[in-house]
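Student: Please see the structure below; I have some questions.
The values are calculated or read from the model by the stated rules, or taken from the named source; none is laboratory data. This structure is a prediction, so every number in the text was calculated from the model and none was measured. Positions of Cβ are generated from backbone atoms using ideal geometry, with glycine treated the same way; all protein chains shown enter the neighbour counts.
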Amino acid sequence: MSVMDFQIDGLVAAPFTPMKDNGDLNLPLIDPYVDYLVAQGVLNTFVCGSTGEGASLSMAERKSLAEKWVSAGKGKLTNVIVHVGGCSITDSQELARHAESIGAQAIATLPTCVFRPTTGKQVAEQLQIIGAAAPSLPLFFYHLPDMSKVYIMVEDLLDALETVKVPTFRGCKYTDYNMLDYGRCLVHSNGKYIMMYGRDEQGLCALVMGATSFVGSTFNYAGKIYNRMRTAYDNGDLEAARKEQHMSQHFLRILSNHATLPTVLENPL
Ligand SMILES: CC(=O)N[C@@H]([C@@H](O)[C@H](O)[C@H](O)CO)[C@@H](O)CC(=O)C(=O)O
C-alpha cells in the first residue's frame with residue numbers, strides 16, 4: 001500500500017500511559033484499554049503523544065509502549081499511530097524506524113523542542129529527515145503550539161512542502177484553536193492531506209469546516225459523545241450535534257477547574 005492510500009476516519013484516542021506506582025510501565029493494562037476504546041467506537045490510537053507523556057519517557061519505554069499498542073490492537077484497532085517527536089531528530093529517526101519495524105500504521109512528530117524551528121520550511125526539513133527513516137509509513141506533523149511553542153501557520157508548512165519534498169507526508173494532527181489556519185490548510189490541501197483535528201471541545205467547528213478525523217484525549221472515555229455528535233452532524237441534525245459538543249465542553253470545563261492537564265484528563269478513568 002502506498003503512503004497516499006492511508007486513510008483515517010473518525011476518532012483517534014490519544015491514550016494515557018498506564019504506569020505502576022513506582023513509575024514503571026504497566027503494559028498488561030493496555031489489553032483491556034483497547035477493548036474499552038473499541039466499546040466506545042474508538043478504533044484508532046495516537047500513542048506516546050502529549051496525553052501519553054511520550055516526551056517524558058525513555059526511548060526504551062516509548063518502544064515498549066508502541067510495541068504493546070500494536071500487538072494489543074491487532075484485529076481490534078484500525079490504526080495505531082506512533083508519535084516519535086522530541087528534542088533529538090536522531091532519536092526520532094530511531095523511533096520512526098522502530099515503528100515501521102513493528103507494523104504501526106503511521107507515525108507523527110512534533111517539531112523539535114528547546115531548539116525549535118521557526119518557519120514552515122524548517123519544519124518541512126525536519127519532517128524530511130524523520131520521514132526518510134520510515135519510508136513505508138505515512139507521516140503526520142503534530143501541530144501543538146501551546147506546548148511545542150512553535151507558532152508557525154501550518155499553511156506555511158504546506159507551502160514549504162511544495163519545494164522541500166517529503167514523500168511520506170500524509171497530513172497533520174492539528175491541535176490548536178486557530179480555525180483560520182485550519183480552514184486554510186483544508187482548502188490548500190484540497191483533500192490531498194488528512195487534517196486530523198485535535199481540540200475536542202471544538203470538534204464540531206472542525207467538522208463543519210470539513211474535518212473527517214479527530215485526535216483527542218477525552219475520546220478515551222467520552223468517545224460515545226463524539227461519535228453521537230458526528231452521526232448527528234452527518235444526518236443533518238445540527239441541533240443534536242451541538243448538544244453533544246456542549247456536553248463535552250461542560251465536562252471539560254468542570255475538569256479544568258480541578259487540576260492541570262494531563263492529570264485531570266486522566267482522572268475520569
Ligand atoms: C494538549 C492536549 O492534551 N491535547 C489533546 C486534546 O484532546 C485536549 O486534551 C482537549 O482538547 C482538551 O483541551 C489532544 O490533542 C492531545 C493528543 O492528541 C495527544 O495526546 O497527543
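Student: Can you tell me which residue in the stretch 236-269 is modelled with the lowest pLDDT, limited to those that are loosely packed, with under 14 Cβ neighbours inside 10 Å and of a type in the set (Gly, Ala, Ser)?
Tutor: Filtering first and then ranking leaves 259.
Student: If you go through the stretch 65-77 one residue at a time, do you hit one that is assigned to a helix (DSSP H, G or I), within 14 Å of the ligand (Cβ to nearest atom) and farther than 21 Å from residue 138 by Cβ?
Tutor: Restricting attention to the stretch 65-77, the residues satisfying the condition of being assigned to a helix (DSSP H, G or I) are 65-73.
Narrowing further to those that are within 14 Å of the ligand (Cβ to nearest atom): 65-66, 69.
This time we only want the ones that are farther than 21 Å from residue 138 by Cβ, so: none.
No, that holds for no residue.
Student: Could you tell me which residue of the stretch 114-146 is farthest from the chain's Cα centre (by Cα), considering only residues that are touching a residue at least 60 places away in the same chain (Cβ under 8 Å), buried (at least 16 other Cβ atoms within 10 Å of the Cβ) and away from the ligand (no atom under 16 Å from the Cβ)?
Tutor: So, considering only residues that are touching a residue at least 60 places away in the same chain (Cβ under 8 Å), buried (at least 16 other Cβ atoms within 10 Å of the Cβ) and away from the ligand (no atom under 16 Å from the Cβ), the one farthest from the chain's Cα centre (by Cα) is 137.
Student: Taking the stated definitions as given, is residue 156 of a type in the set (Asp, Glu), crowded, with 16+ Cβ neighbours inside 10 Å and away from the ligand (no atom under 14 Å from the Cβ)?
Tutor: yes
Student: Now for a different question. Can you find, within the stretch 175-208, the residue that is modelled with the highest pLDDT among those that are assigned to a helix (DSSP H, G or I) and hydroxyl-bearing (Ser, Thr, Tyr)? If you could, list the steps in order and put the result at the bottom.
Tutor: Going through the stretch 175-208, the residues assigned to a helix (DSSP H, G or I) turn out to be 179-189, 200-208.
With the extra rule that they be hydroxyl-bearing (Ser, Thr, Tyr), the set shrinks to 182, 189.
Details: 182: 98, 189: 93.
Once the filter is applied, the top-ranked residue is 182.
Student: Could you say whether any residue in the stretch 221-231 is under 16 Å from residue 179 (Cβ atoms) and either surrounded by fewer than 19 Cβ atoms within 10 Å (Cβ to Cβ) or modelled with pLDDT of 95 or more (or both)?
Tutor: no
Student: Picking from 86, 73, 54, which residue would you name as being touching a Cys at 6+ places or on another chain (Cβ under 6 Å), within 24 Å of residue 175 (Cβ to Cβ) and of a type in the set (Gly, Ala, Ser)?
Tutor: Numbers: 86 fails: touching a Cys at 6+ places or on another chain (Cβ under 6 Å); 73 fails: touching a Cys at 6+ places or on another chain (Cβ under 6 Å).
Being touching a Cys at 6+ places or on another chain (Cβ under 6 Å), within 24 Å of residue 175 (Cβ to Cβ) and of a type in the set (Gly, Ala, Ser) holds for just one of 86, 73, 54, which is 54.
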